[in-house]
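Working notes, structure below.
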Amino acid sequence: MAEEKKEKKGGGLVKGIVILLIFMIIIPALGIAGFYFMNETFQYRMNAALTDFPLVGSYFDSLPTRAEKNEQIKSIAEHFLDISADSAVDKLIIISTDDKTMYDDIVKVMYQIDPNSTKIILEDIRSKQLKGDAVSAVLDEITEERNQELAAIATELQSMPFSSLRGELYKILNDGLNGYSRLARIFEQMDVVKAYEMLSLLDDVDETAVLDAMAMASRSEILLEKNKDMANTQKIISLSEIYASKDADELVELLGNTSTYSVEELAIIYKEIGVVKTGEILAISNDDALVSDVITQMKNNEVLSVGEDLITKDILKTLKIYKDFDDNIKELTNVYKTMQPTQVSQVLSKMLTDGALPTVHVLDGGDVITISEEDLAYKILAQFDDKVKAEIIGNFNNTLATEVAKKLTVPGY
């Protein structure tokens, strides 16, 4: 009997503990769960709190926040008011069938935006019935339509002249509620090189904001392109320091075409070596297309860098000075080649020793171009073959002949 009573007493204790657990844990948990699904505000707060919990945190972190859901609802509502009434009616019927709460939220926002149009749409809904996956179907269609629109804008931007491109980008930034996000989506429709080039037109703060608004994959590709471009630019600048010490006649084979460097790279080099040597090299190159492309690129770079073009005018002026100089050399050389070497010696000797004042050209940027009779004489002398050249120099007096022969061994003469 004692053992039986003891067993009954133990069984009663277990039942009591079970009942206590039910009241203390299970029933409150069920109550919280029910409240979670019934109260939206509580639901969002719980989602945010549970994101830091192990195992389940990633799931709750993937759920949209209240702000994100409201933004989605607003985007859908705006879209429905933009498209035809028939199309909006069809999509709202699908949503009302699959998600009545979402339907009510969309209609509420639509009423806030345009009550009259919304009323007409709601009256038409009563006459139609459709079924389907509302959210995914609607969002997929909206996404596709937006991507098509953004792709068209991207194509239009890539066809614009450089002079108006920066202004157009800032128009996009300033027109919308979230211009950074919109411009980021447009850049994502472009080739990475083009996107980087256009992104570089923005101020540093705006460039960073647009990058932050881009998808991670696109942002990474553009940043990689930026790093490559910066490294290549620094390499070109270093080489430019070497080129700056060389004569234009030596450099024309390297910098007077696009065999070694692209137009973009040549623009950087010419900027570094200065407008005087730039004009001298381009005058010798005789490649009008290259000259036009390089000067245009330099102008664009200046506008991007300092906001205005400060060097193109000086380059064009320098180019004309040296072209006129080269044309003068050719004309005089053609005349002198019809003369006897002794006669040419007399003319060049006078040019080398006459002491005439040089012609001085002052550029807007402060650079000075000085062209003397001596410069002209040496350039003319260089046009003759070695045998005739030696004969001409041989007719000079000993002092002048020695001086000229010595200078001709120096690059630039």
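The values are calculated or read from the model by the stated rules, or taken from the named source; none is laboratory data. Predicted model only: the values in this text are computed from it and were never measured. Reconstructed Cβ throughout: ideal geometry from the backbone, glycine too, with neighbour counts over all protein chains shown.
Descriptive notes on the structure:
- Hits in the stretch 310-349 - residues which are farther than 25 Å from Thr278 by Cα, β-branched (Val, Ile, Thr) and in a helix (DSSP H, G or I): Val335, Thr342, Val344, Val347
- The set of residues from the stretch 284-309 being of a type in the set (Asp, Glu) and part of a helix (DSSP H, G or I) comprises Asp288, Asp293, Glu302.
- Checking Leu357 against (1) touching a residue at least 24 places away in the same chain (Cβ under 8 Å); (2) hydrophobic (A, V, I, L, M, F, W, C); (3) farther than 16 Å from Leu251 by Cα, the condition it does not meet: (1)
- Candidates Ile311, Ile321, Ile393, filtered to the one that is closer than 30 Å to Gly167 by Cβ and aliphatic (A, V, I, L, M): Ile311
- Filter pass, Asp249 being without any contact (Cβ under 8 Å) to a residue 24 or more places away in the chain and acidic (Asp, Glu): no
- Lone unmet requirement of (1) within 26 Å of Ala231 (Cα to Cα); (2) modelled with pLDDT of 90 or more for Asp309: (2)
- The condition (being buried (at least 16 other Cβ atoms within 10 Å of the Cβ) and modelled with pLDDT under 85) is satisfied by just one residue among Ser127, Ser96: Ser96.
- Qualifying residues in the stretch 198-224 (those that are within 26 Å of Glu308 (Cα to Cα) and part of a loop (DSSP other than H, G, I, E, B)) - the one nearest to the chain's Cα centre (by Cα): Ser200
- Residue among Ala209, Ala152 that alone is at pLDDT 90 or above, aliphatic (A, V, I, L, M), under 26 Å from Lys91 (Cβ atoms) and not assigned by TED's automatic domain parsing to the domain that holds Leu304: Ala152
- Qualifying residue in the stretch 379-394 (condition: part of a helix (DSSP H, G or I), touching a Phe, Trp or Tyr at 6+ places or on another chain (Cβ under 6 Å) and surrounded by 12 or more Cβ atoms within 10 Å (Cβ to Cβ)): no
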